[in-house]
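See structure below.
The values are calculated or read from the model by the stated rules, or taken from the named source; none is laboratory data. What you are looking at is a predicted structure, and each value in this text was computed from that prediction instead of being measured. Please note: Cβ atoms are built from the backbone with ideal geometry, for glycine as well, and neighbour counts cover all protein chains shown. Areas reflect the complete protein model, heavy atoms only, side chains present, ligands, DNA and RNA absent. Shrake-Rupley method; radii C 1.70, N 1.55, O 1.52, S 1.80 Å.
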Amino acid sequence: MTYEKELAAAKKAVSLAVRLSQEVQKSLLQSDVRKKSDKSPVTAADYGSQAVISHVLKRELHPEPLYLVAEENAEDLQKSGAKEFLESITKLVNSALASDDSYATSSLSMEDVRKAIDHGRSQGGANGRHWILDPVDGTRGFVNGEDYAVALALLVEGKVVLGVLACPKLENHKSASSDKVGCLFFATAGEGAYMQSLEGDSHPPEKVQVSNIENPEEATFVESSHKPIPIHSSIANKLGIRAPPLRIHSQVKYAALARGDAEIYLRFTLKGYRETIWNHAAGAIITTEAGGVVCDADGNPLDFSRGNHLEHKTGIVVSTKKLMPRLLKAIRESMKEEILLSETKLKMKL
């Protein structure tokens, strides 16, 4: 099955949301960064991007009902003292929509924007169609003027079939538009992965492929700019990797791997942390369609059909088909060593 209408709607929605996020990032002050109930940072761009995408998808895909699994909700925007913040978000949303001729006469009220944000409360699952959205993936990088992504995917009967990933800070060095910054990646199941300029210039989308490196010693890790995780160093040493990691925030790491900038992306989180599907859905299908492999540390494909969270075993592993067997072997060995080390430390304490 093709998803031409859905892909066109997703690309339009994400492109308009990026306009909003870029406008916010230009003038963002630390005082503009708020804290959600879970203490994670949030900005007007997170809420505004979600409202834009929700509104555009609902209109472009009408009369099909919209079920949206998204990171944000409008609870904090209904609290006392939040009216001014919601008003500024509404102005941003209307400005972004007005940049598209077909939405130029569409002006949303504050209540419209609040409802659009709250449309993202679907729980996903194995049945029906669900859009999966991270309106600003990598908010910590975003507030520092660094990498971030706007990530949108479509889940049909429990399978991710479409993904659009905007990377406003990623250079187009592999494209004919080599002097431009900002890439839009997209993929549909069975049809490959593509990259184009965010500015939508005259150059046609370019098909992307993962690296063809076969020797793991020549591989490059892609990691976030946060504190390195020790197991990554252990795995790199086992594979003989000497190159310094490529440090990028958010799902931009998936995009970098999909077009061959790096070969290995690992995500090992603290015990008890549950991965959300919006942090991986768009990046996963784009990397897979570019010839890569996305799985857990046991080599099992990620399952996006269990609701808002991934129910996988330890770690998420992203690499190429050629490198994956040796990579998984190194991961198993490093994990065993970590367990033995922990047991030894526990015995010493006793």
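Here is how the numbers come out for the structure above:
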| read-out | value |
| --- | --- |
| R332 being basic (K, R) and within 19 Å of G158 (Cβ to Cβ) | no |
| Matching residues in the stretch 289-309 - criterion: being open to solvent by less than 10 Å² (accessible area, probe 1.4 Å) and closer than 14 Å to F268 by Cα | C295, D296, A297 |
| Condition met for E84 (open to solvent by 50 Å² or more (accessible area, probe 1.4 Å), part of a helix (DSSP H, G or I), more than 22 Å from L61 (Cβ to Cβ) and out of contact with any helix residue (DSSP H, G or I) (no Cβ under 8 Å at 6 or more places or on another chain)) | yes |
| Selection from the stretch 132-170 of residues that are without any contact (Cβ under 8 Å) to a residue 12 or more places away in the chain and either open to solvent by less than 20 Å² (accessible area, probe 1.4 Å) or assigned to a strand (DSSP E or B) (or both) | none |
| Among the residues listed as I286, I241, the single one being outside any strand (DSSP E or B) and over 24 Å from R140 (Cα atoms) | I241 |
| Search result, residues across the stretch 124-145 that are among the polar types (S, T, N, Q) and at pLDDT 95 or above | N127 |
| Search result, residues across the stretch 250-270 that are basic (K, R) and open to solvent by less than 20 Å² (accessible area, probe 1.4 Å) | K253, R259 |
| Qualifying residue in the stretch 146-168 (condition: within 25 Å of Q78 (Cβ to Cβ) and at pLDDT below 95) | no |
| Residue count, the stretch 271-283 (criterion: open to solvent by 10 Å² or more (accessible area, probe 1.4 Å) and within 18 Å of D137 (Cβ to Cβ)) | 5 |
| Hits in the stretch 48-76 (condition: open to solvent by less than 10 Å² (accessible area, probe 1.4 Å) and more than 16 Å from L152 (Cβ to Cβ)) | A74 |
| Qualifying positions in the stretch 289-315 - hydrophobic (A, V, I, L, M, F, W, C) and either under 17 Å from H130 (Cα atoms) or in a loop (DSSP other than H, G, I, E, B) (or both) | A290, A297, L302, F304, L310 |
